[in-house]
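**Q** Dumping the structure here so I can ask a few things about it.
The values are calculated or read from the model by the stated rules, or taken from the named source; none is laboratory data. A quick note: this is a predicted structure, and the numbers were derived from the prediction, not measured. Ideal geometry is used to build each Cβ from the backbone, glycine not excepted, and the neighbour counts take in all protein chains shown.
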Amino acid sequence: MEQGVRIRMIGDRSLLPEDIVSTVSQIELMTRENKRAYLNVAFSYTSRNEITNAISKICDGYERGELDDNDINEETLFSCIYTNESPPPELMIRTSGEQRLSDFLLWQTAYSYLYFTDVLWPDFTAWHLMAAVFHYQRAFKQLEEAKKQKKIFNHNQPISSKAEKFILSTKEQHWKAMELAVKT
């Protein structure tokens, strides 16, 4: 906590034992105000599950009258994904020679630099990390330009007060679930 790191567990908590969920929830609650750095730990995580869960929350909100048709947009969807309060990764490193993301952080890495290496994770050293960072630095200007274009085209969607209330309610529900998990 002294370092200002916010820790968040992302994934399907229902697949984990209660004692682990309780411990992870306690850690999340203890670090929830930290903003200096973010550590997202993935357990039982897939992007398909994350996006399906987000859409389900939005559908529930729509059915309860908390959202109107025009409130359902990229901003609302983003507010319901697991990492909604974390900045997206700037660099994604995939080890082992695989040239795919394996259903991992697909929404979040849309504008990240993807670095693929044949090195296996247990053999990945600081030198390999420096190589990845070097490649990222070379592509930095292009990535920033792509992010600017995305903001121009996608992030000018106004958020209604109704949608803002829904987003706030969703966040409050998340923290209440954390508090409940700690008590059990």
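**Q** Would you mention how many residues in segment 44-95 are in contact with a helix residue (DSSP H, G or I) (Cβ under 7 Å, 6 or more places away or on another chain), polar (S, T, N, Q) and closer than 28 Å to ASP123 by Cβ?
**A** Qualifying residue count for the region: 2.
**Q** Does GLU2 satisfy the criteria of being farther than 16 Å from GLU85 by Cβ, acidic (Asp, Glu) and modelled with pLDDT under 90? Full working, then the answer.
**A** Values: farther than 16 Å from GLU85 by Cβ: yes; acidic (Asp, Glu): yes; modelled with pLDDT under 90: yes.
Yes: the conditions hold for GLU2.
**Q** Between residues in segment 121-134 that are under 17 Å from PRO89 (Cβ atoms) and residues that are among the small types (Gly, Ala, Ser), which pairs lie under 9 Å by C-beta distance while being six or more apart or on different chains?
**A** Taking only residues 6 or more apart or on different chains, the pairs are TRP121/SER96.
**Q** Out of the residues in segment 125-161 meeting the condition of being under 16 Å from THR109 (Cα atoms) and of a type in the set (Phe, Trp, Tyr), tell me which one is modelled with the lowest pLDDT.
**A** Going through the qualifying residues, I end up with PHE140.
**Q** Would you pick out the residues in segment 101-120 that are farther than 19 Å from ALA139 by Cα and surrounded by fewer than 14 Cβ atoms within 10 Å (Cβ to Cβ)?
**A** SER102, ASP103, ASP118, LEU120
**Q** Something else: Could you identify the single residue in GLY65, GLY61 that is of a type outside the set (Ser, Thr, Tyr) and either touching a Pro at 6+ places or on another chain (Cβ under 6 Å) or in contact (Cβ under 8 Å) with a residue 60 or more places away in the chain (or both)? Before you say what the answer is, go through the steps one by one.
**A** Values: GLY65 fails: either touching a Pro at 6+ places or on another chain (Cβ under 6 Å) or in contact (Cβ under 8 Å) with a residue 60 or more places away in the chain (or both).
Sole residue among the options that is of a type outside the set (Ser, Thr, Tyr) and either touching a Pro at 6+ places or on another chain (Cβ under 6 Å) or in contact (Cβ under 8 Å) with a residue 60 or more places away in the chain (or both): GLY61.
**Q** Considering only residues that are over 15 Å from the mean Cα position of the chain (by Cα) and in a loop (DSSP other than H, G, I, E, B), look in segment 18-45 and name the one that is surrounded by the most Cβ atoms within 10 Å (Cβ to Cβ).
**A** Within segment 18-45, the subset over 15 Å from the mean Cα position of the chain (by Cα) is 18-27, 29-31, 33-34, 36.
Imposing the further condition that a residue be in a loop (DSSP other than H, G, I, E, B) reduces the set to 33-34, 36.
Working: GLU33: 9, ASN34: 16, ARG36: 8.
Result: ASN34.
**Q** If the Cβ limit is 9 Å and pairs must be 6+ apart or interchain, which residue in segment 13-30 that is closer than 22 Å to THR46 by Cα pairs with which residue that is among the hydroxyl-bearing types (Ser, Thr, Tyr) and at pLDDT 95 or above?
**A** Qualifying pairs under 9 Å: ARG13/SER25.
**Q** When segment 77-96 is examined, which residues are found to be under 17 Å from LYS35 (Cβ atoms) and of a type in the set (S, T, N, Q)?
**A** THR83, ASN84, SER86
**Q** If you don't mind, another one. Is it true that LYS57 is exposed (fewer than 13 other Cβ atoms within 10 Å of the Cβ) and of a type in the set (Lys, Arg)? If you could, list the steps in order and put the result at the bottom.
**A** Numbers: exposed (fewer than 13 other Cβ atoms within 10 Å of the Cβ): no; of a type in the set (Lys, Arg): yes.
When the stated conditions are applied, LYS57 does not pass them.
**Q** Quick check on this structure: which one of ASP123, ASP69 is of a type in the set (D, E, K, R) and either buried (at least 17 other Cβ atoms within 10 Å of the Cβ) or under 30 Å from ALA177 (Cα atoms) (or both)? Write out each step before concluding.
**A** Working: ASP123 fails: either buried (at least 17 other Cβ atoms within 10 Å of the Cβ) or under 30 Å from ALA177 (Cα atoms) (or both).
Checking each option against the conditions leaves just ASP69.
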